[in-house]
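Before any comments, here is the structure.
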Protein chains: 2
Amino acid sequence: MSVVDQLTQLLVVLVAAKVGAELMTRVRQPAVIGELIAGMIIGVGGLGWVTTQGGDLLEVLAEIGVIILLYEVGLEIQLADMARLGRSATLVAFIGVATPFALGVAAVQILQIGGGTTETAIFIGAAMTATSVGITARVFSDLGRMGSDEAKTVIGAAVIDDILGLVILAVVAAGLAGDSASLSDFFWLVARVIVFLVATVSIGRVVMPAILRLLDRLRMAGSFVIGVLVLALTLGIAAERVAGLDPIVGAFVAGLIIGRGHDIGRIQSELRPISHFFVPIFFLAVGARVDVSVLLRPTVIGAGLLITVVAVLGKLVAGLGAERGMQRIVVGVGMVPRGEVGLIFAALGASQLSDVVTSEDIAIIVLMVILTTLTPPFVLTRLVRRSDDVSPVADDTIS
Amino acid sequence: MSVVDQLTQLLVVLVAAKVGAELMTRVRQPAVIGELIAGMIIGVGGLGWVTTQGGDLLEVLAEIGVIILLYEVGLEIQLADMARLGRSATLVAFIGVATPFALGVAAVQILQIGGGTTETAIFIGAAMTATSVGITARVFSDLGRMGSDEAKTVIGAAVIDDILGLVILAVVAAGLAGDSASLSDFFWLVARVIVFLVATVSIGRVVMPAILRLLDRLRMAGSFVIGVLVLALTLGIAAERVAGLDPIVGAFVAGLIIGRGHDIGRIQSELRPISHFFVPIFFLAVGARVDVSVLLRPTVIGAGLLITVVAVLGKLVAGLGAERGMQRIVVGVGMVPRGEVGLIFAALGASQLSDVVTSEDIAIIVLMVILTTLTPPFVLTRLVRRSDDVSPVADDTIS
């Protein structure tokens, strides 16, 4: 494809992503769903205006987008804060990972959803463990409830979920992509993930302050922001080349390390316009890979709805991990949106695991992500308003 | 090439460009030369770490870079200001375009430099018409002479040169790329350029304020900066598809139109991090395309030095266009640096005119650009200091 053809495709992608995001924002829905649907409309299964094949421009720009996205998530997380969020958030997070995974694997195998194989079951189950920090945080903030115990617990749990989810993602992706899947391979993989995380975080803690001081001292305009981006790319590529993990794991760790104490405000604000360029391309590319005709098959819609119900139940149960005195149903509903994290799973499945994951499996996950992302805001709004009317004291609704 | 391989190449490019730029900045030289040389070192003729072939990632990112670069140049130009700069700047600009072009074409044909054909002569001559606004402005500003009549004249003339240069570039590129080059084709081309410029500027003046008001009203974070970038891409692609011109012409016009009165401060500051990412990739890609072994051939070095002398003389003569009372030698020397504008010519030749422009021609232009860009700052510094010592009143040194 000529350079001008590629630029034209990029133009179409940028405009479609921004129009989708803007329309969703106007109806108070997450922009990410607008970008995803825009991708489904202009992608291979829709109008066919863009193609995403291994190694072509959009694929690479989308990969840079998801690397920046996970880097920003990592930057937001203050490990020191995590400790203070306490037992409640941790318990909610672990239940919120374990239950959807177990229920998901069981549902796929019992109901013979998608491919119905063990690999499909593990992949769909893993995708169901995700929780979107961003979407949950925005809903609570829209409701003016950001300071509530429920909100703090859900956001803390969602952050822990991000970390657990990335580890699961790394293990699942590397495990399913390999030919054999023996138990020793599995332990070797888990060991590799843990060694990579521990090694990069420990070395990073020592080296990163010096690197950031160096970047601060560079005289060239723009050296700082590009330097900061280079750190994410470096750790991302290292994750792939050294540990066989997805680059996003490395980018996330880079963010985590820098998030430890350095003035991240400057990094975030300088990185933002670059992120506005690349990140929507990622979500659009996920949508563009969805075969809409597959998504609209009755069997896929049926399976998607079933998986959605299981995905919602799995996270509602996580609400039980919240301390007494909180509205456990609010915590549970707050954990439901899969958002961008669920889409990262779908993307990874589509691009790297095409041997074991079918286009039906991807469509089912995308349907589940859309439904779990769009409904909780409505439910949460009604729950919080009702509790405001009925009783000023938070009550315990599930247990 | 796999996505991770492409990311690795991007990482190498970003690091090399920033290291080159930083080193040049430390010795008070233009960063763009550092990025160019970094490209020569890691490119095909050097270490071979990066490849730039038609349509691959770096090529597209570099094209986005040069589009943003010309867009920013266009944004800087206030057409209203241009009128006030007056006769002197206009005269300097026209002499500064006509003389190097005439001398360049003559020199190439008489001395049988490079290919020695008429096409080579026109291309090298056209590349010699460039003047770098950015580098000249920085030198005067470093000397604390930004407010002097000489500086204002040179910068005004350099801006007019940008516009003339783009028209010449459009005509030369379209003319040389075509098979035939009859006189009627030439007039048709010039007509096309003029119609495109007049049409886009007239329509843009009417439509652009409404578009910018719309972008201002978008609620999504990042919609504004991406919208502004989309305008540049749209006009760039339109220039190519509708008028057969290089995309940079459209991007430049987009900048010119927006530069008319709208608050460009916000546009520039939001665009800056994106520009820091893409623009250095362009300069590095220019360097990466230079075959260093060709550049080091004695014949090429000889031809490059000759062309450099002609290029310097052509611009010194332009100083004669300055009004009496100014230091005409300072104006002339200020017009010498070709900088990024010369490199845009070289890039265009390498990528679009490979039939008529040889790697020797490119190497000669790159050598000329490097030498004309690196020497004037030293000369100007000495000239300005000497005039400060000898006489506090500006004298007329050439005529």
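The values are calculated or read from the model by the stated rules, or taken from the named source; none is laboratory data. As the structure is a prediction and not an experimental result, all values here were calculated from the model. Here the Cβ is made from the backbone with ideal geometry for all residues, glycine too, and neighbour counts use every protein chain on show.
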Looking across region A:211-255 at residues that are surrounded by fewer than 23 Cβ atoms within 10 Å (Cβ to Cβ) and more than 21 Å from B:A21 (Cα to Cα), the single one that is modelled with the lowest pLDDT is A:G244
Picked from region B:343-365 (must be touching a Leu at 6+ places or on another chain (Cβ under 7 Å) and in a helix (DSSP H, G or I)), the residue nearest to A:V3 (Cα to Cα) is B:L348
Counting only residues in region B:11-47 that are buried (at least 23 other Cβ atoms within 10 Å of the Cβ) and at the interface with another protein chain (Cβ under 7 Å from one of its Cβ atoms), the one farthest from the chain's Cα centre (by Cα) is identified as B:K18
Inside region A:108-148, the number of residues satisfying the requirement of being assigned to a loop (DSSP other than H, G, I, E, B) and not basic (K, R) is 16
Margin query: Residues that are assigned to a helix (DSSP H, G or I), closer than 23 Å to A:P30 by Cα and among the basic types (K, R): does region A:310-331 have at least one?
Written below: yes
Report yes if A:L305 is surrounded by fewer than 19 Cβ atoms within 10 Å (Cβ to Cβ) and among the aliphatic types (A, V, I, L, M), otherwise no. yes
